[in-house]
């Protein structure tokens with residue numbers, strides 16, 4: 001299979017998309033289904049138990065991202081398969097304990113469930129980065145981040161109504177169903193060959209990073225990296241809130257909403273977003289790609305605020321608003337995860353890998369999710385979930401727009417200065433080198 005994948009570029013793209021999509025879809029089956037439960041009759045320390053559970057898991061997930069800054073950045077190819085299998089197995093054991101340990105002690109196991117899962121993305125992306133078609137290969141990951149949670153919510157509600165399984169036992173049940181599929185998709189990942197010579201010339205080689213490499217790349221990207229961290233913090237916080245409390249938001253909009261609404265909306269969002277991301281794969285020039293995805297992000301951010309205003313003025317329906325909001329939110333979020341650092345590393349020939357930079361953003365992003373949940377629970381408890389979502393949409397549009405404009409000036413200026421230096425250096429080599 002590896003020989004076939006080396007020979008056929010088309011087969012390689014299809015194989016990678018399916019492998020990445022399948023593996024990450026299965027990971028979500030171990031992470032997200034519990035959020036579909038309402039846990040309405042449970043409370044701890046005066047706080048809704050669902051909020052406690054979400055905070056516990058997100059806190060574990062956030063720590064996983066912090067740990068991943070080191071683990072993923074330094075991960076060697078030969079250790080990837082066993083690492084990803086161990087991470088998922090640990091997560092499922094934690095879900096089993098969550099189901100059988102009585103309330104209120106079982107929330108600890110959702111913290112343990114989140115602790116390994118944050119590193120799964122980095123392991124999968126390490127098979128895909130540093131290639132001329134990385135954006136195409138990562139489409140499976142991108143599609144997953146948008147639509148999988150909605151599909152799993154629909155599966156959860158179906159299983160709950162059909163078999164009457166309690167909300168404490170459904171998470172590990174769904175995990176057990178998906179574990180064999182997970183192993184198959186991991187086998188598919190293992191067959192992916194390393195980048196070839198053309199990939200290395202267009203995107204630069206990706207390496208396991210040393211402490212010096214990490215310090216240098218953070219120092220070199222400087223202000224631009226801080227801008228993307230700020231944007232990602234806001235997007236990740238809103239994405240998590242929108243996903244975790246989707247049921248509650250829709251109940252406020254329409255108590256009789258269709259249970260299939262999640263999979264319908266998220267699937268459309270996924271198809272639109274991955275199509276726009278795929279456009280970047282068609283652009284070989286890294287600086288042109290940078291300008292393209294920066295423009296996309298600016299338009300998407302404006303769509304968040306614009307669609308919310310239109311919904312508030314009753315100019316569009318709730319379904320159109322949630323669809324527009326999802327596109328405006330997920331497009332820049334996924335561009336940062338799959339395209340932004342992939343192209344910046346290639347553009348500046350930096351020594352490093354995407355996982356390191358994305359995990360810096362992720363660790364900050366999930367900290368924002370925890371803080372918003374706590375702030376809402378203790379200071380905004382009387383406000384509706386819908387009101388918080390709308391207010392946050394306006395805030396994101398304003399602050400992210402400023403940060404994206406700032407990074408655009410920063411990286412464009414940095415590239416043009418460096419390009420000028422390359423031209424001058426090339427002229428000197430031609431003038432003084434007899435062979436030249």
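Given the conditions (1) within 28 Å of residue 189 (Cβ to Cβ); (2) assigned to a loop (DSSP other than H, G, I, E, B), report the number of the one that residue 39 does not fulfil.
If we test residue 39 against (1) within 28 Å of residue 189 (Cβ to Cβ); (2) assigned to a loop (DSSP other than H, G, I, E, B), just (1) comes out false.
Can you tell me which residues in segment 287-321 are modelled with pLDDT under 90 and in a helix (DSSP H, G or I)?
318, 319
Inside segment 105-147, counting only helices (runs of 4 or more DSSP H) that do not spill past its ends, which hold 3 or more residues that are at pLDDT 85 or above and in contact with a helix residue (DSSP H, G or I) (Cβ under 6 Å, 6 or more places away or on another chain)?
Fully inside segment 105-147 and qualifying: 107-117, 120-126.
Can you name the residue in segment 74-88 that is touching a helix residue (DSSP H, G or I) at 6+ places or on another chain (Cβ under 9 Å) and farther than 21 Å from residue 62 by Cβ and is also surrounded by the fewest Cβ atoms within 10 Å (Cβ to Cβ) among such residues?
Among those residues, the one meeting the criterion is 77.
Here's the yes/no breakdown for (1) assigned to a helix (DSSP H, G or I); (2) at pLDDT below 85; (3) in contact with a helix residue (DSSP H, G or I) (Cβ under 9 Å, 6 or more places away or on another chain); (4) closer than 25 Å to residue 16 by Cα:
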{"residue": "346", "(1), (2), (3), (4)": "yes, no, yes, yes"}
{"residue": "356", "(1), (2), (3), (4)": "yes, no, yes, yes"}
{"residue": "361", "(1), (2), (3), (4)": "yes, no, yes, yes"}
{"residue": "364", "(1), (2), (3), (4)": "yes, no, yes, no"}
{"residue": "372", "(1), (2), (3), (4)": "yes, yes, yes, no"}
{"residue": "377", "(1), (2), (3), (4)": "yes, yes, yes, no"}
{"residue": "382", "(1), (2), (3), (4)": "no, yes, no, no"}
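Pairs, please: C-beta under 9 Å, at least 6 apart or cross-chain, first residue within 23 Å of residue 361 (Cβ to Cβ) and in segment 239-265, second at pLDDT below 80 and not in a helix (DSSP H, G or I)?
Short answer, once both residue conditions are applied: 243/32; 244/32.
Output yes when any residue across segment 267-281 is touching a helix residue (DSSP H, G or I) at 6+ places or on another chain (Cβ under 7 Å) and closer than 21 Å to residue 392 by Cβ, and no when none is.
Yes: one or more hits.
Residue by residue through segment 29-54, note down the ones that are buried (at least 21 other Cβ atoms within 10 Å of the Cβ) and in contact (Cβ under 8 Å) with a residue 60 or more places away in the chain.
Once the filter is applied, which keeps residues that are buried (at least 21 other Cβ atoms within 10 Å of the Cβ) and in contact (Cβ under 8 Å) with a residue 60 or more places away in the chain, segment 29-54 yields 29, 30, 31, 32, 33, 34, 35, 36, 54.
For segment 280-290, give me the residue count where each residue is surrounded by fewer than 19 Cβ atoms within 10 Å (Cβ to Cβ) and either without any contact (Cβ under 8 Å) to a residue 60 or more places away in the chain or closer than 21 Å to residue 234 by Cβ (or both).
Looking only at that region, the number is 4.
I'm trying to understand the selection: among the residues of segment 291-306, which are more than 15 Å from residue 324 (Cβ to Cβ) and buried (at least 20 other Cβ atoms within 10 Å of the Cβ)?
Within segment 291-306, 293, 297 meet the criteria.
The values are calculated or read from the model by the stated rules, or taken from the named source; none is laboratory data. These numbers come from a predicted model, not from an experiment. Virtual Cβ from ideal backbone geometry, glycine too; neighbours counted across all protein chains shown.
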